[in-house]
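The values are calculated or read from the model by the stated rules, or taken from the named source; none is laboratory data. If you're wondering where the values come from, they're calculated on a predicted model, not measured in any experiment. A quick note on method: Cβ atoms are made from the backbone with ideal geometry, for glycine too, and the neighbour counts reach across all protein chains shown.
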Amino acid sequence: MQAIRHDPPQSATIRTCHLKKDPARLMTDESPSIDQLLKNLDQAMISERHRLRRQLHDLRKKPDEAKLAQWVARVQASCAQVTARRESVPTIRYDDNLPIAAKRDEIKEALLKHQVLIIAGETGSGKTT
C-alpha cells in the first residue's frame, strides 16, 4: 500500500498563533499591539472570527485587562483547534494490489481535465479507492 499525503495548495500558507502565553502582561508596554492581535485572528476558526473581532473592537473602546486576557485565551484555544484539525487530516493510502492502482496517474490527469469523470470496473477492482 502506498501512502500519499494531500497537502494544501502552494499558495495557501499555514501560520501559527503568536499571542503571548502570559495574559497578565497584556496591558503592559511589552504587550502586542491591536494590529498584532487582529493578525492572529486569521489563524482562528472562521466561525469565530467575527465574534472575536467584535469583542476586540469593544475592548479597544473600553479597555479591561481581565477581559482582554480572556479574549486572548479564546483566540489561543481557537488557533489550537485549527492546528489540531489540520494535523488530523488522514493520509490517503492506495492499495497497489487493486487493478485500478495501475491507472492512478491516468485518472488524476482525467480529473484535472474534466469536471465529471465516470469510472467503471468490476466489483473489487478498487473504484472506490
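Values for this structure:
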read-out: Positions within the stretch 55-64 being in a loop (DSSP other than H, G, I, E, B) and over 11 Å from Ile34 (Cβ atoms), in sequence order; value: Lys62, Asp64
read-out: Residue in the stretch 88-106 that is in the same structural domain as Gln36 (by TED's automatic domain parsing), at pLDDT 90 or above, under 30 Å from Ser47 (Cα atoms) and assigned to a helix (DSSP H, G or I) present; value: no
read-out: Residues located in the stretch 83-116, provided they are surrounded by fewer than 10 Cβ atoms within 10 Å (Cβ to Cβ) and among the hydrophobic types (A, V, I, L, M, F, W, C); value: Ala84, Leu112, Val116
read-out: When residues of the stretch 12-39 are limited to those that are of a type in the set (A, V, I, L, M, F, W, C) and over 26 Å from Arg86 (Cα atoms), the one modelled with the highest pLDDT; value: Ile34
read-out: Residue identified as surrounded by 11 or more Cβ atoms within 10 Å (Cβ to Cβ), modelled with pLDDT under 90 and outside the structural domain of Gly126 (by TED's automatic domain parsing) among Asp58, Asp42; value: Asp42
read-out: Which listed residue is among the basic types (Lys, Arg) and touching a strand residue (DSSP E or B) at 6+ places or on another chain (Cβ under 8 Å), from Arg104, Arg74, Arg60, Arg53; value: Arg104
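Every residue, every condition in (1) part of a loop (DSSP other than H, G, I, E, B); (2) at pLDDT 85 or above; (3) surrounded by 11 or more Cβ atoms within 10 Å (Cβ to Cβ), yes or no:
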{"site": "Ala66", "(1), (2), (3)": "no, yes, yes"}
{"site": "Gln76", "(1), (2), (3)": "no, yes, yes"}
{"site": "Gln81", "(1), (2), (3)": "no, yes, yes"}
{"site": "Ile119", "(1), (2), (3)": "yes, yes, yes"}
{"site": "Ser125", "(1), (2), (3)": "yes, no, yes"}
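To keep it simple, each residue is scored yes or no on (1) acidic (Asp, Glu); (2) touching a residue at least 12 places away in the same chain (Cβ under 8 Å).
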| residue | (1), (2) |
| --- | --- |
| Leu68 | no, yes |
| Pro90 | no, no |
| Asp95 | yes, yes |
| Ala102 | no, no |
| Thr128 | no, no |
